[in-house]
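Input: a single structure, listed below in structure tokens.
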């Protein structure tokens, strides 16, 4: 199994600012993803973090708003840019091993 | 368009009794289903899964049933324990898709009372 850590675990930010969330996996994994869970909603896939190339975004999510990096197999970052209160969510990093998906603990973001 | 729905936001059960969590889906391309359990301040953890070629999968106290014609699945926990109190997410995967690209339901909060 893989252990995933995220930093920060939570943050309160002002409207218009940006926050970068870091995700570290303790072992090499094939794929990494970023999800969002808005209050009262289901987990929604934002994008696939591709190693050494641009992320692949799902419908409704764009690179300018959610730039993602994955410089190596075990590390990825998600930036939430020009934040608004609607961005208040839990952001989760996930990694896929050989047969299942592992979730990080999440980053709880509140935008004032 | 919510392709995976968990219509019960919460469920309260007495310790030792059965907990039944339900999930409905609309996308006929889904052929693999998973249940995740989530405690506060932690990420979801995998609980049990079922392929569309089966109608039942059992793992200890946990059993998942799949009714493809009704596009419905359920998770049974018997007997329920207070430590089972958590949020349970149903998730679905379409054929040939990476495990990472799951479609989730909204979750059901299960509370098991001693």
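Any chance the stretch A:14-21 includes a residue that's modelled with pLDDT of 95 or more, under 26 Å from residue B:109 (Cβ atoms) and more than 11 Å from every other protein chain (Cβ to nearest Cβ)? Break it down stepwise before answering.
Of the stretch A:14-21, the ones modelled with pLDDT of 95 or more are A:14-21.
Now narrow it down to the ones that are under 26 Å from residue B:109 (Cβ atoms): A:21.
Still in the list and also more than 11 Å from every other protein chain (Cβ to nearest Cβ): A:21.
Within the stretch A:14-21, one or more residues are modelled with pLDDT of 95 or more, under 26 Å from residue B:109 (Cβ atoms) and more than 11 Å from every other protein chain (Cβ to nearest Cβ).
Collect the residues in the stretch B:33-46 that are surrounded by fewer than 18 Cβ atoms within 10 Å (Cβ to Cβ) and at negative phi, keeping them in residue-number order.
Step one: of the stretch B:33-46, the residues surrounded by fewer than 18 Cβ atoms within 10 Å (Cβ to Cβ) are B:39-42, B:45-46.
B:39, B:40, B:42, B:45, B:46, listed by residue number.
May I ask you to verify whether residue B:93 is more than 10 Å from chain A (Cβ to nearest Cβ), closer than 18 Å to residue B:56 by Cα and within 15 Å of the chain's Cα centre (by Cα)? If you could, list the steps in order and put the result at the bottom.
Numbers: more than 10 Å from chain A (Cβ to nearest Cβ): no; closer than 18 Å to residue B:56 by Cα: yes; within 15 Å of the chain's Cα centre (by Cα): yes.
Considered against the rule, which asks whether it is more than 10 Å from chain A (Cβ to nearest Cβ), closer than 18 Å to residue B:56 by Cα and within 15 Å of the chain's Cα centre (by Cα), residue B:93 comes out as no.
Looking at the stretch B:104-114, which of the residues that are over 10 Å from the mean Cα position of the chain (by Cα) and surrounded by 21 or more Cβ atoms within 10 Å (Cβ to Cβ) is farthest from residue A:42 (Cα to Cα)? Walk me through it before giving the result.
Initially, the stretch B:104-114 is screened for residues over 10 Å from the mean Cα position of the chain (by Cα), giving B:106, B:109-114.
Restricting the remaining residues to those that are surrounded by 21 or more Cβ atoms within 10 Å (Cβ to Cβ) gives B:110, B:112.
Values: B:110: 16, B:112: 22 Å.
Top of the filtered list is B:112.
Check A:2, A:49, A:95 and return the single one that is more than 27 Å from residue B:50 (Cβ to Cβ), touching a strand residue (DSSP E or B) at 6+ places or on another chain (Cβ under 6 Å) and buried (at least 17 other Cβ atoms within 10 Å of the Cβ).
From the options A:2, A:49, A:95, the qualifying one is A:49.
Would you list the strands (runs of 3 or more DSSP E) that sit entirely within the stretch A:46-112 and hold 2 or more residues that are more than 12 Å from chain B (Cβ to nearest Cβ) and under 13 Å from the mean Cα position of the chain (by Cα)?
It comes to A:68-72, A:75-80.
For the stretch A:26-36, state whether one or more residues are without any contact (Cβ under 8 Å) to a residue 60 or more places away in the chain, surrounded by fewer than 18 Cβ atoms within 10 Å (Cβ to Cβ) and under 15 Å from the mean Cα position of the chain (by Cα).
No, the conditions are met nowhere in the stretch A:26-36.
The values are calculated or read from the model by the stated rules, or taken from the named source; none is laboratory data. The structure presented is a predicted model; accordingly, all values stated were derived computationally and were not measured. Glycine also receives a Cβ, built like all others from the backbone with ideal geometry; neighbour counts cover every protein chain displayed.
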